[in-house]
Amino acid sequence: MSGSKKILIVEDDLRIAQNISKGLQEKGFETEIAFDGKIGLKLALHNDFDLILLDLNLPGLNGYEVCSEVRKKKPSIPIIMLTALGETEDKIEGFEKGADDYLVKPFDFRELLARINVFIKRNHNSESDQQDTLKIANLELDSESKIVMRDGQNIELTPKEFSLLEYLIKNKGKVVSKTDIAENLWEQNNQQSLNVIEVYINFLRKKIDKDFTPKLIHTKTGMGYILKEEIEK
């Protein structure tokens, strides 16, 4: 990676925002702060950032609304939500709106920094090693345009569903455990994240498998999931 990476911090708590900004600047990042959702959205859409840290409870527009709007215009920018709401349902809603990760307050700055570095590195690697179209059976996934087609029909996926399917198709023919998925896509491995993964596997099945053949997502009991076109006996 070359050059300083720029991070947008959308956080209405002055102390938290300034502490995060100071910590990131000490690690070599450039930062910009927005203290409400409307300003945060405007900055996100009209400037180039490498990552967005987004509080959920914001004046003007809440984090869900900001995230959803950013995703429409900038589908590839990593978004990490920072919030005091840590229930599984809150996380699922955040992922549905397009968040890549979810960190519950209070958090250790070292954990935040580790997650930021993972996303920055991942984006850098994908820019230099990008395979646009991934295929299996009659399913096609375009990593650049974020379009998924099954048997010629467009399949609408949320960003988190897309990331999960992309991970499965890149590992087609291999059994991937919930732990594998949690560590690679959720950047964490705990019981709550494992429960969320099960929910998202079911979301994917309904969208890409329910009305099509052959079935592609298969469960290996006690081991995980495998994407393959062979019909399970």
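The values are calculated or read from the model by the stated rules, or taken from the named source; none is laboratory data. None of these values were measured; they are calculated from a predicted model. Cβ coordinates were reconstructed from backbone atoms using ideal geometry, including for glycine residues, and neighbour counts include every protein chain displayed. With ligands, DNA and RNA removed, areas are computed over all heavy atoms of the protein, side chains included. Shrake-Rupley method; radii C 1.70, N 1.55, O 1.52, S 1.80 Å.
The figures follow:
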{"read-out": "Computed FRET value (nearest 0.05) for MET223 with ASN47, which takes r as the C-beta separation and R₀ as 45 Å", "value": "0.50"}
{"read-out": "Charge dipole (the chain, unit charges on Cβ, about Cα centre) - positive-most of GLY98, SER76, SER145", "value": "SER145"}
{"read-out": "Sequence-separation-based contact order of the chain, relative, with Cα cut under 8 Å and 6+ spacing, percent", "value": "13 percent"}
{"read-out": "Nearest 10 degrees, 0 to 90: helix 37-46 Cα axis against the chain principal axis", "value": "70 degrees"}
{"read-out": "FRET efficiency for GLU230 and LEU14, using Cβ-Cβ distance with R0 set to 45 Å, rounded to 0.05", "value": "0.20"}
{"read-out": "Gain in span if fully extended, ASN184 to THR133, counting 0.36 nm per residue against the direct Cα distance", "value": "16.3 nm"}
{"read-out": "0 to 90° range, to nearest 10: angle between helix 191-204 axis and the chain longest Cα axis", "value": "50 degrees"}
{"read-out": "Cα-projected label distance for LYS210 with GLN153, points at 7 Å along beta-carbon direction, nm", "value": "1.1 nm"}
{"read-out": "Charge dipole (debye, nearest 20) of the stretch 1-135; +1 at Cβ of Lys and Arg, -1 at Cβ of Asp and Glu", "value": "340 debye"}
{"read-out": "Average accessible area per residue (Å²) across the chain - probe 1.4 Å, nucleic acids and ligands excluded", "value": "51 Å²"}
{"read-out": "Exposure of HIS46 as accessible area (Å², to 10), given a probe of 1.4 Å and all protein chains", "value": "140 Å²"}
{"read-out": "Residues of the stretch 62-85 with amide N under 18 Å of a point placed 7 Å along Cα→Cβ from ASP142", "value": "72-77"}
{"read-out": "Acute angle (nearest 10 degrees) that the helix 88-97 long axis makes with the longest principal axis of the chain, alpha-carbon atoms", "value": "90 degrees"}
{"read-out": "Accessible carbon and sulfur surface of the chain relative to its total accessible area, %, 1.4 Å", "value": "47 percent"}
{"read-out": "Computed magnitude of the charge dipole of the stretch 1-69 (debye, nearest 20; Cβ of K, R +1, Cβ of D, E -1)", "value": "180 debye"}
{"read-out": "Protein-only accessible surface order, largest first, of LYS215, LYS6 at 1.4 Å", "value": "LYS215, LYS6"}
{"read-out": "Pairs from LYS27/LYS91; LYS72/LYS97; LYS178/LYS215; LYS27/LYS121; LYS5/LYS146 whose Cα-Cα separation, in the structure shown, is over 22 Å", "value": "LYS27/LYS91; LYS5/LYS146"}
